[in-house]
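One structure is given below, encoded as structure tokens.
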Amino acid sequence: MITPLLDTNTLDEQGVENLVERLIAGGVAGIFILGTTAEAQHLSFRIKGELIRKTATCIRGRVPLLVGITDASFFESLTIAWIAVENQASAVVTAPPYYFSLGQPELIEYYEALAEQLPLPLYLYNMPSHTKIMIEIDTVKVLAQHPNIIGLKDSSANGVYFCKLLHLFSHRPDFGLYVGSEEMMASMVLMGALGGIPGGANIYPEIFVKVYRAAAEKNVDKTRELQNRMIAISRELYGIGRFDSSYIKSIKTALSLKGICSDVLAQPFNHFLEPEREKVKAAIEKLDQLFYT
């Protein structure tokens, strides 16, 4: 889930409420906050706490709440985790600590130490493009032996890596594997992944839910048909703008055009200006016609 903001350090509380209701009405199986699409690393500690509390209040126990606790500081991650447990979150999610690149033995020690002290179950989050480190297959194998580490979200977009994980854990239904790259969700769920955590579901949750359900039911023909339609989201929206942040800008602009929440991003990002906003509007009109007519 994106983080609705009124300015760089003010939460859009009505936007959070609107978005949570939209996601649940769309059929999502859970809500993950404070991840990459949420701009988590740009948010103040206060805003993170407010977002956790507001989202939990809006969810009212209807779906599981997963909270990202990624931080360069071990103890800041623990602090956010305790706020999550106080607000009835189901689990926490963390990528490797960023800035310095860790060796795999250091990464194992870090995650094991964190899992020992965490008050909630932990999902590993593989995001090498942002953390400069891959959680290697053998490292996942070691960490999966810890009783408080219950799964992994992979946003590497590396199909070979993820398929190897699916094979490795094919007899471990207690260790959940989720894919972050939405273009890969259908194929990976067909192969055995438990689900996807796609940013595009902020705008069109029901479309991603339909794709997931078709793939989970192993209905290949229906999955292919829905996937071909869903891929239009990335084709029409994510190419607008010139920077890495454009993906988030497109999602927030689309949500603002639909009256869900503000399009404000946390500094150092900024929102789209009128030329890009017009392109997003045209894209949304095209996608709405594709999905709803």
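The values are calculated or read from the model by the stated rules, or taken from the named source; none is laboratory data. This one's a predicted model, so the numbers in the text were calculated from it and none came from an experiment. Neighbour counts are summed over all protein chains in view; Cβ atoms, including those assigned to glycine, are modelled from backbone coordinates with ideal geometry. We work out accessible area using only protein heavy atoms, side chains counted, and drop any ligands, DNA or RNA first. Shrake-Rupley method; radii C 1.70, N 1.55, O 1.52, S 1.80 Å.
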Based on what the data block shows, is Phe32 without any contact (Cβ under 8 Å) to a residue 24 or more places away in the chain and among the hydrophobic types (A, V, I, L, M, F, W, C)? no
Qualifying helices (runs of 4 or more DSSP H) (wholly inside segment 27-137; at least 3 residues being open to solvent by 50 Å² or more (accessible area, probe 1.4 Å)): 45-59, 74-86, 104-117
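If you take the residues of segment 3-26 that are in a helix (DSSP H, G or I) and hydrophobic (A, V, I, L, M, F, W, C), which of them is most open to solvent (accessible area, probe 1.4 Å)?
Keep residues of segment 3-26 that are in a helix (DSSP H, G or I), which gives 13-25.
From the residues that got through so far, the ones that are hydrophobic (A, V, I, L, M, F, W, C) too are 16, 19-20, 23-25.
Numbers: Val16: 0, Leu19: 0, Val20: 0, Leu23: 11, Ile24: 36, Ala25: 90 Å².
Looking at residues that are in a helix (DSSP H, G or I) and hydrophobic (A, V, I, L, M, F, W, C), I get Ala25.
Answer yes or no as to whether Thr70 is under 20 Å from Thr36 (Cα atoms) and under 20 Å from the mean Cα position of the chain (by Cα). Please lay out each step first, then the result.
On the way: under 20 Å from Thr36 (Cα atoms): yes; under 20 Å from the mean Cα position of the chain (by Cα): yes.
Criteria met by Thr70.
To keep it simple, each residue is scored yes or no on (1) closer than 27 Å to Lys281 by Cα; (2) not aliphatic (A, V, I, L, M).
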{"site": "Ser170", "(1), (2)": "no, yes"}
{"site": "Gly176", "(1), (2)": "no, yes"}
{"site": "Val179", "(1), (2)": "no, no"}
{"site": "Ser187", "(1), (2)": "no, yes"}
{"site": "Leu190", "(1), (2)": "no, no"}
{"site": "Gly199", "(1), (2)": "yes, yes"}
Checking Tyr238 against (1) at pLDDT below 95; (2) open to solvent by less than 10 Å² (accessible area, probe 1.4 Å): exactly one of these is not met. Which one? (2)
Looking only at segment 92-129, which residues are within 18 Å of Gln145 (Cβ to Cβ) and of a type in the set (Gly, Ala, Ser)? Ala113, Ala115
Output for Cβ contacts, cut-off 7 Å, separation at least six or different chains, first residue farther than 20 Å from Glu236 by Cα in segment 203-214, second open to solvent by less than 10 Å² (accessible area, probe 1.4 Å) and outside any helix (DSSP H, G or I), reads Tyr212/Gly195
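State all residues of segment 258-269 that are surrounded by 13 or more Cβ atoms within 10 Å (Cβ to Cβ) and out of contact with any Gly (no Cβ under 9 Å at 6 or more places or on another chain); if no residue qualifies, say none.
Kept after step one, since they are surrounded by 13 or more Cβ atoms within 10 Å (Cβ to Cβ), are these residues of segment 258-269: 258, 260-266, 269.
Within segment 258-269, Lys258, Asp263, Val264, Leu265, Ala266, Phe269 qualify.
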Since Glu236 meets every condition but one in (1) over 19 Å from the mean Cα position of the chain (by Cα); (2) without any contact (Cβ under 8 Å) to a residue 12 or more places away in the chain, which condition does it not meet? (2)
What's the number of the only condition in (1) part of a loop (DSSP other than H, G, I, E, B); (2) in contact with a strand residue (DSSP E or B) (Cβ under 6 Å, 6 or more places away or on another chain) that Met185 fails to meet? (1)
Looking at Thr253 and the list (1) surrounded by 17 or more Cβ atoms within 10 Å (Cβ to Cβ); (2) in contact (Cβ under 8 Å) with a residue 40 or more places away in the chain; (3) within 22 Å of Ile47 (Cα to Cα); (4) out of contact with any Leu (no Cβ under 6 Å at 6 or more places or on another chain), which single condition is not satisfied? (2)
Can you find a residue that is outside any helix (DSSP H, G or I), surrounded by 18 or more Cβ atoms within 10 Å (Cβ to Cβ) and under 19 Å from the mean Cα position of the chain (by Cα) anywhere in segment 141-149? yes
